[in-house]
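The values are calculated or read from the model by the stated rules, or taken from the named source; none is laboratory data. Small disclaimer: the values here were computed from a predicted structure and weren't measured. SASA here: full protein model, heavy atoms, side chains in, ligands and nucleic acids out. Shrake-Rupley method; radii C 1.70, N 1.55, O 1.52, S 1.80 Å.
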Amino acid sequence: MANKAATDLRTKSKDQLSEQLLQLRKEALNLRFQRANGTLEGTDRIRQVRREIARVKTVLSEQSRAQVAA
């Protein structure tokens, strides 16, 4: 059974996914700075953001492969 988050991502357009990827990368950068400064609360958010970035990149690659195959 597919992950609900991944299923939701598959309904988005390439532009929406690219925008979301950009936002997630910015958030990951901010979280890294917070961790380095010692001000980070909720360290599990780093892991969540990393995994969400991987999901978005996976869906983007699936869409590009589908375009090439079609």
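Would you look at the GNM of the chain, springs on alpha carbons closer than 10 Å, and say which of Leu24, Leu60, Leu40 moves the most?
Leu40
Cut-off under 17 Å on the C-alpha distance; same-chain residues fewer than 8 positions from Lys12 excluded. Which lysines are left, in chain and number order?
By straight Cα distance, Lys12 reaches Lys4, Lys57.
Explain nothing, just compute: Karplus ³J(HN,Hα) = 6.51 cos²θ - 1.76 cosθ + 1.60, θ = phi - 60°, for every residue of the range 5-17 in order, whole Hz, x for Gly and Pro.
Couplings: 5, 5, 5, 5, 5, 5, 7, 8, 7, 4, 5, 5, 5 Hz.
Treat the chain as a sphere of radius equal to its Kirkwood radius over Cα pairs and apply Stokes-Einstein at 25 °C in a medium of 0.890 mPa s; give the translational diffusion coefficient in µm²/s, rounded to a whole number.
Reported coefficient: 185 µm²/s.
Measure nothing fancy, just the Cα-based angle from helix 44-69's long axis to the longest principal axis of the chain, in degrees from 0 to 90, nearest 10.
Computed tilt is about 20 degrees.
Restricting to DSSP H runs of at least four residues, report the calculated mean residue ellipticity at 222 nm for the chain, -39500 (n - 2.57) per run over all residues, nearest 500 deg cm²/dmol.
-28000 deg cm²/dmol
From the phi angles alone, apply the Karplus equation (6.51, -1.76, 1.60; θ = phi - 60°) to the range 20-32 and give each ³J(HN,Hα) in whole Hz, x where the residue is Gly or Pro.
5, 4, 4, 5, 5, 5, 5, 5, 4, 4, 4, 5, 5
Calculate I(q)/I(0) for the range 10-50 by the Debye formula, one identical point scatterer on each C-alpha and no solvent, and give its log10 at q = 0.15, 0.17, 0.26, 0.30 Å⁻¹ to two decimals.
-0.42, -0.50, -0.83, -0.97
Could you work out what % of the accessible surface of the chain is carbon and sulfur, using a 1.4 angstrom probe and leaving DNA, RNA and ligands out of the count?
Here carbon and sulfur together make up 51 percent of the probe-accessible area.
Return one whole number: the accessible area per residue of the chain in Å², for a 1.4 Å probe.
78 Å²
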